[in-house]
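*Asks:* One structure, as structure tokens, below. Some questions next.
The values are calculated or read from the model by the stated rules, or taken from the named source; none is laboratory data. Quick caveat, the model's predicted, so the values are computed rather than measured. Glycine also receives a Cβ, built like all others from the backbone with ideal geometry; neighbour counts cover every protein chain displayed.
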Amino acid sequence: MPQSISVKTSSRVEMVDITPSVQKEVSRIGVTDGICVVYVPHTTAGITINEGADPAVCHDVISMLNKLVPENAGYRHMEGNSDSHIKTSIIGSSVTVIIEKGHIVLGTWQKIFFCEFDGPRSRKVYLKTM
Ligand code: ZN
């Protein structure tokens, strides 16, 4: 199994800033120069990098995803969470960040967000550094 971090979500749809956890794990692994793949092994949760300074941005992203992909829209999938699967495919399952001098390199306003689309649940995020 790859290195992983745990994420506990508290809403059905939610963006959780996992930047500190990713940095902590990169520091623990000890890679000082390279890349880190941050991968979500779930079919109803994704990951993205976006603005973390103004929480209204996450609110707007979630609000628009909910508008684009409503919870009920005559889907076929028996489990009743097709919107969660579709949102996951839109957002994607991994991001890659650069590591320099032991620190993940992000833009001034950027954070790494775990995107829950069928919570609340206990989730995993895999990390692979090279
Ligand atoms: Zn499903």
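*Asks:* When segment 61-84 is examined, which residues are found to be buried (at least 17 other Cβ atoms within 10 Å of the Cβ) and in contact with a His (Cβ under 8 Å, 6 or more places away or on another chain)?
*Replies:* Within segment 61-84, no residue meets the criteria.
*Asks:* Here is a check on your reading of the model: is I99 surrounded by 12 or more Cβ atoms within 10 Å (Cβ to Cβ) and touching a residue at least 24 places away in the same chain (Cβ under 8 Å)?
*Replies:* Yes.
*Asks:* For segment 54-76, which positions are within 16 Å of the ligand (Cβ to nearest atom) and closer than 16 Å to I90 by Cβ?
*Replies:* V69, P70, E71, A73, Y75
*Asks:* Let me ask something else. Has segment 94-101 got at least one residue that is in a loop (DSSP other than H, G, I, E, B) and at pLDDT below 95?
*Replies:* no
*Asks:* For T43, only one of the following conditions fails: (1) under 16 Å from I18 (Cα atoms); (2) touching a helix residue (DSSP H, G or I) at 6+ places or on another chain (Cβ under 7 Å); (3) of a type in the set (V, I, T). What is its number?
*Replies:* For T43, the failing item is (1).
*Asks:* Continuing with the same structure: Being more than 15 Å from the ligand (Cβ to nearest atom), among the small types (G, A, S) and under 18 Å from D118 (Cα atoms) is the requirement here; does S82 meet it?
*Replies:* So S82 does not fit the description; no.
*Asks:* If you go through segment 56-77 one residue at a time, how many are free of Cβ contacts under 8 Å to residues at least 40 places away in the same chain and in contact with a Phe, Trp or Tyr (Cβ under 8 Å, 6 or more places away or on another chain)?
*Replies:* 0
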